[in-house]
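Q: I have a structure here, written as structure tokens, and I will follow up with some questions on it.
The values are calculated or read from the model by the stated rules, or taken from the named source; none is laboratory data. This is a predicted model, so every value here is computed, not measured. Here Cβ is always computed from backbone atoms with ideal geometry, including for glycine, and neighbour counts include all displayed protein chains.
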Amino acid sequence: MEDLQSLIRIPGVWGSLARVEERLLDAAAADDPYLTKIAQHLLLAGGKRFRPLLALLAAEFGPSRDHRPVEAGVSVELIHVGSLYHDDVIDEADVRRGAASVNANWSNTVAILAGDYLMARASEVAATHLSQESVRLLAATYAELVEGQTRELQLDFDLDHGVAEYEQVIAGKTASLIRTSARLGAIAADADDDVVESLSLWAWELGMVFQIADDALDLVADEETIGKPAGSDIREGKFTMPVLEALARENSSRVRELLAGARPYSDQIVIEVIDIVRSGGHVDSALAEATRRLEVASDALRGVPDGEPKQILQTLGAYLLGRVDAART
């Protein structure tokens, strides 16, 4: 499938993203070399930098062309990566982006401290280079991330919650920061207020699609594709939309029996649950919901000026869903 480099053919965006990469390492550097090594660990492991890319694309809709969109991209990525350090501690994850997680490589305590450090640096970058509104927005978004993560923890291994609760979780832990990425980039480029609002609505729906697609990948892709063992969500007791839909069916007794069993779940249980979910069409059902959300996102883009940046935004949702289709072929 087409990669993001081929999809986003605006050289200035990629030039700015290269500056984001440099600034990320600068921002993660501490006076203590030990903390620097840990804080930069996941940054050096790579990643698509999807959130900074959204900030830079959104900045294309504003008249200003200065350093601020780069700093917006740095801020949102530092929040994102810091939250991943914390997530890996909570989930007891050993692998992230194909490399050993910080908690596995060092310790839970070190991972938490490094995550805190990256979050603090995000606030410092925003306070130094962006507006007071942007600092407030980042703080509010981090609160939403924590709230989403807390909701998710309460639902772990719960066989009786539904899709509505799942959507509340992903709204907080994923869609909120993706919306903020686009909003911050547009504000940093001095875009009109109505354009900022349209981009924010678009990015909110895209964020929901992003997580639905990512959760579907966990059920259809291999470890090389997703950078962690397939079926990780099930092993952690995090039941995503396809699994919840399988549980809600009248003939769900086998899925319920498997997931109500002894924990941690064995590989055999995880494989059987995945087989039932896939054969029952529940992955396709989740992707249909994602497609519906993309239509809402597309409607939101009516409020932004026509041109190449808008055309790119209209294709990003299809790119996300295309990753799932590619993993299944």
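Q: How do the helices (runs of 4 or more DSSP H) wholly within segment 108-196 filter down when requiring 2 or more residues that are hydrophobic (A, V, I, L, M, F, W, C) and closer than 17 Å to V74 by Cβ: which remain?
A: Answer list for segment 108-196: 108-129, 132-155, 176-188.
Residue-by-condition table, conditions (1) in contact with a helix residue (DSSP H, G or I) (Cβ under 7 Å, 6 or more places away or on another chain); (2) of a type outside the set (A, V, I, L, M, F, W, C):
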{"residue": "G281", "(1), (2)": "no, yes"}
{"residue": "R293", "(1), (2)": "yes, yes"}
{"residue": "D299", "(1), (2)": "no, yes"}
{"residue": "R302", "(1), (2)": "no, yes"}
{"residue": "D306", "(1), (2)": "no, yes"}
{"residue": "L313", "(1), (2)": "yes, no"}
{"residue": "Y319", "(1), (2)": "yes, yes"}
{"residue": "V324", "(1), (2)": "yes, no"}
{"residue": "A327", "(1), (2)": "yes, no"}
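Q: Quick check on my filter: what residues within segment 1-43 are free of Cβ contacts under 8 Å to residues at least 40 places away in the same chain and assigned to a loop (DSSP other than H, G, I, E, B)?
A: D3, A29, D31, D32
Q: So, one more: Condition check: more than 23 Å from S6 (Cα to Cα) and surrounded by 24 or more Cβ atoms within 10 Å (Cβ to Cβ). Does L54 satisfy that?
A: no
Q: Now for a separate question. If we keep just the residues of segment 247-266 that are touching a residue at least 12 places away in the same chain (Cβ under 8 Å) and within 17 Å of A230 (Cα to Cα), which is surrounded by the most Cβ atoms within 10 Å (Cβ to Cβ)?
A: Among those that are touching a residue at least 12 places away in the same chain (Cβ under 8 Å) and within 17 Å of A230 (Cα to Cα), it is L259.
Q: Just one of V74, V20 is β-branched (V, I, T), surrounded by 16 or more Cβ atoms within 10 Å (Cβ to Cβ), more than 20 Å from S200 (Cβ to Cβ) and modelled with pLDDT of 90 or more; which is it?
A: V20
Q: Exactly one of these conditions fails for R292: (1) touching a residue at least 12 places away in the same chain (Cβ under 8 Å); (2) surrounded by fewer than 17 Cβ atoms within 10 Å (Cβ to Cβ); (3) of a type in the set (K, R); (4) part of a helix (DSSP H, G or I). Give me its number.
A: Here R292 clears every test but (1).
Q: A further question on this structure: In segment 30-39, what count of residues is obtained for those that are surrounded by 15 or more Cβ atoms within 10 Å (Cβ to Cβ) and more than 18 Å from T109 (Cβ to Cβ)?
A: 0
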